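Below is one structure, written out as structure tokens; comments come after it.
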Amino acid sequence: ETGVTQSPTHLIKTRGQQVTLRCSSQSGHNTVSWYQQALGQGPQFIFQYYREEENGRGNFPPRFSGLQFPNYSSELNVNALELDDSALYLCASSLAPRSGRSTDTQYFGPGTRLTVL
Amino acid sequence: QKEVEQNSGPLSVPEGAIASLNCTYSDRVSQSFFWYRQYSGKSPELIMSIYSNGDKEDGRFTAQLNKASQYVSLLIRDSQPSDSATYLCAVNYGFQKLVFGTGTRLLVSP
């Protein structure tokens, strides 16, 4: 167990709806990264949050957005859901030095399986 | 485009054999390399991290890094059926993100 928790475990939505996924980072970790893993693929980086600010973003459209809270927990929001958004959404926590110049080992939560019909 | 390449497999080995998993990456400035194990329907679990050229051993697992050849490998000694999973190679391209390969599926037969 990594100490990273995610909710919900599974979710079914229809096209055009909005969804919010939640993540609590491992105790002592201050950085949260979100990944999307489609079936048969490796995880794809969505974005990272550090000190409540977005700290890097992958090749995902603006309808993917997020938040980080003072307790370092995080949310991933997806608007206008499309069928291709069906995937396992993974949250990973890590500890960045105060300089913010590097994060190292990332520990994954159990994931949220999103199905869009 | 920063890429990580892995053979998708499956790689089939008999119980007790050595499984060798390979990964190449495209960006020479990468400094951190990771192997994750992922069982079907589960999330990735960290096995090893490696930062310097050479070998790093942890129990039955050995990670090997060759930065000149942009090559990372994972050896699993005395493979067990419980090692059957998908092994993901990940490269840290900067503190913003990990780039993953598509994973190699390993099957260990009793």
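Read-outs throughout are calculated quantities, based only on the coordinates presented, and are distinct from any laboratory measurement. Keep in mind it's a predicted model, so treat the numbers as computed, not measured. With ideal geometry, Cβ positions are generated from the backbone for all residues, glycine too; neighbour counts draw on all protein chains shown.
Summary table
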quantity	calculated
Chain B - charge dipole about Cα centre, Lys and Arg +1 at Cβ, Asp and Glu -1, debye rounded to 20	240
Top positive-direction residue, dipole computed over the protein assembly as shown with Cβ charges, set B:Ser84, B:Pro110, A:His10	A:His10
Whole-number D in µm² s⁻¹ for the protein assembly as shown, Kirkwood Cα-pair radius fed into Stokes-Einstein, 37 °C, 0.692 mPa s	182
17 Å Cα-Cα reach of B:Lys67 towards lysines, excluding residues that sit fewer than 8 places from it in its own chain	B:Lys2, B:Lys56
Ranked list, fewest to most other Cβ atoms within 10 Å of each Cβ, for A:Thr14, A:Thr20, B:Thr102	A:Thr14, A:Thr20, B:Thr102
Separation between Cα centres of the range A:45-101 and the range B:1-75, rounded to whole Å	25
Trypsin sites (Lys or Arg not before Pro) restricted to DSSP loop in the range A:1-96 with at most 12 other C-beta within 10 Å	A:Arg15
Hydrodynamic radius of chain A per Kirkwood, over alpha carbon pairs, in Å	14.1
Unit Cα scatterers, Debye sum, chain B: log10 I(q)/I(0) for q = 0.23 Å⁻¹	-1.30
Check: the range A:1-98 dipole with +1 on Lys, Arg Cβ and -1 on Asp, Glu Cβ, in debye	60
Unit charges on C-beta of K, R, D, E only; dipole of the protein assembly as shown, Debye	300
